[in-house]
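Take a look at the structure set out below.
The values are calculated or read from the model by the stated rules, or taken from the named source; none is laboratory data. Here the structure is a predicted model, which is why all the values come from computation and not from measurement. All Cβ positions, glycine included, derive from the backbone under ideal geometry; neighbour counts span all protein chains shown.
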Amino acid sequence: MRIPMIAANWKMHKNISEAVQFIDQYAELLNAAQLETVICPAFPLLAAVGEACRRHGLRLGAQNMYWETAGAFTGEVSPLMLKDLQVDYVIIGHSERRRLFGETDQQVARKIKAACQHEIIPILCVGETLEQRQAQQTLGVISEQVTTALAGLDPSQVRKIVIAYEPVWAIGSGLAATAADADAVAAQVRKIIGEQFNLKTAQDVRILYGGSVNRDNIAEFMQAAEIDGALVGGASLDASVFAAIVNTAAEVSFA
Ligand code: 13P
């Protein structure tokens with residue numbers, strides 16, 4: 001069975017004391033121990049947030065990573081450094097990285113491979129832009145992003161990966177995809193992985209939806225057959241809102 005997951009992508013928000021306060025406050029409000037919760041803060045917060053997460057049984061994620069283990073790569077952070085901080089997950093290929101920092105599918109693939117090699121579970125983000133959606137290119141774009149990112153991996157590595165479908169137009173816009181549309185894309189992702197690897201692998205991969213998820217729409221996404229959770233941006237910044245999302249998600253998943 002795929003364990004449902006809700007991940008918080010804090011992006012470039014919070015300082016150390018705000019972050020630790022959030023975790024303690026959130027943990028008090030939580031009644032959903034069975035569901036996996038991952039907090040992904042900015043790099044400078046990883047150590048403090050990691051310690052707080054471990055106190056409360058939450059998982060820790062980073063928002064990016066370079067593929068080399070060490071060397072002259074000013075400003076980059078290596079898989080070994082994340083391992084040293086006991087990071088469990090790493091977001092790879094977020095649309096903000098692709099759009100604002102020029103990350104390509106090939107670079108995303110190298111990062112995914114490095115994460116798998118170092119046993120950090122990648123949360124691979126894929127999603128179409130508004131123009132691509134309007135041109136009916138959604139499934140083609142998603143197929144290309146997934147196939148390139150996973151090329152050369154073993155099924156045993158792929159089955160542990162988390163894929164987040166985040167339509168670019170839905171991020172931070174207040175305009176979420178419908179659960180039916182997101183479910184159809186998730187089904188397509190499984191189809192591609194089934195063809196690229198095998199059916200068992202396709203069934204094991206967890207697929208999240210991301211893009212304007214909030215406490216009011218989380219239930220519909222959790223009810224969708226192919227969707228196993230959510231990657232939450234803006235609504236993950238407030239402890240009581242995020243706890244409401246996770247508690248609702250758990251109620252739906254374990255009803
Ligand atoms: P919002 O939830 O703010 O739309 O952001 C989604 C996102 O980018 C998560 O990675």
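Out of everything in region 91-102 that is assigned to a loop (DSSP other than H, G, I, E, B) and either within 14 Å of the ligand (Cβ to nearest atom) or hydroxyl-bearing (Ser, Thr, Tyr) (or both), what residue ends up being farthest from Ala8 (Cα to Cα)?
So the residue we want is Gly93.
Would you mind finding the one in Ala115, Ala72 that is at negative phi and part of a helix (DSSP H, G or I)?
Ala115
For the subset of region 147-183 comprising residues that are closer than 21 Å to Arg97 by Cα and part of a helix (DSSP H, G or I), which member is nearest to the ligand (Cβ to nearest atom)?
Among residues in region 147-183 that are closer than 21 Å to Arg97 by Cα and part of a helix (DSSP H, G or I), the one nearest to the ligand (Cβ to nearest atom) is Ala170.
Please verify whether Leu35 is at pLDDT 95 or above and on the phi < 0 side of the Ramachandran plot, treating the condition exactly as stated.
Against the criterion (at pLDDT 95 or above and on the phi < 0 side of the Ramachandran plot), Leu35 does not qualify.
State the number of residues belonging to region 181-196 that are free of Cβ contacts under 8 Å to residues at least 60 places away in the same chain and under 20 Å from Glu220 (Cα atoms).
The qualifying residues number 9.
Give the residue that is surrounded by the fewest Cβ atoms within 10 Å (Cβ to Cβ), with candidates limited to residues of region 197-217 that are free of Cβ contacts under 8 Å to residues at least 40 places away in the same chain and within 15 Å of the ligand (Cβ to nearest atom).
Asp216
Suppose the filter is of a type in the set (Ser, Thr, Tyr), part of a helix (DSSP H, G or I), modelled with pLDDT of 95 or more and farther than 22 Å from Asp154 by Cα; does Ser240 pass it?
yes
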